[in-house]
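Here's the structure, in structure tokens; my notes come after.
Read the figures in this text as sums done on the coordinates, not as results from a lab. What you see is a predicted model, and the numbers here were worked out from it, not measured in a lab. Note that each Cβ is placed from the backbone with ideal geometry, even for glycine, and that neighbours are counted across all protein chains shown.
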Amino acid sequence: MTTGAPTPTYPARPRRSRVRTFLPLGLAAWLVLEIWLLTVVAGAASGFAVFLLLVAGFVLGSVVIKRAGRRAFQNLNEALQRGGAPSSSGSGGNGLMMLGGLLLMIPGLLSDAVGLLLLVPPVQRAVGRYAERTFDRRLRAAAPGTLGDAFQQARMQRPDGKVVQGEVIVRDEPGDDTPQGPRPPLTR
């Protein structure tokens, strides 16, 4: 029975992206595959051998992350001493090396294999080029006013001169410390 009151209409729920739909399924499948592979290797060799393999992966991953981080910090320090931005050729692959080290540290044989693959320089270059092309394509496709637009603006407007921080004190008369009116901003 209706009372004449309008039925409430609820706004349509926004559609979930494919990544949000399939990412949990992919993670669950990856975990099941990692556990299954560990049990197969443990059955073929021994549990102690698998344990040693996982510990060796963790130690190797931590060494790789430390080395890549140290190299990235050194490149950044040298670039700051030169007075410029760090070059992408000098730091090429540090992020991918850190990702490879992280994958080595995660327990599992598939993650170890992918981590070791990311430590190979030709694979690093190929993955880096693919990631850069994908990032640039998505950045160009971003609508104005979004976060991508802010990255685009930051990338185009680089200062070309050195900036010295300081304070400007203007005294019209000796001993007069009171401001005479609004001052212009200290920007270009």
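Key figures
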item: Long-range amide H partners of Gly108 with built H, under 5 Å; result: none
item: Burial ranking of peptide ranges 62-70, 47-55 (average Cβ count within 10 Å, highest at the top); result: 62-70, 47-55
item: Global form of region 19-113, assessed from the alpha-carbon gyration tensor, a/c cut-off 1.5; result: oblate
item: Sequence ranges 77-84, 96-103, ranked by mean other-Cβ count within 10 angstrom, highest first; result: 96-103, 77-84
item: By average C-beta atoms within 10 angstrom, highest first, the peptides 104-111, 133-140; result: 104-111, 133-140
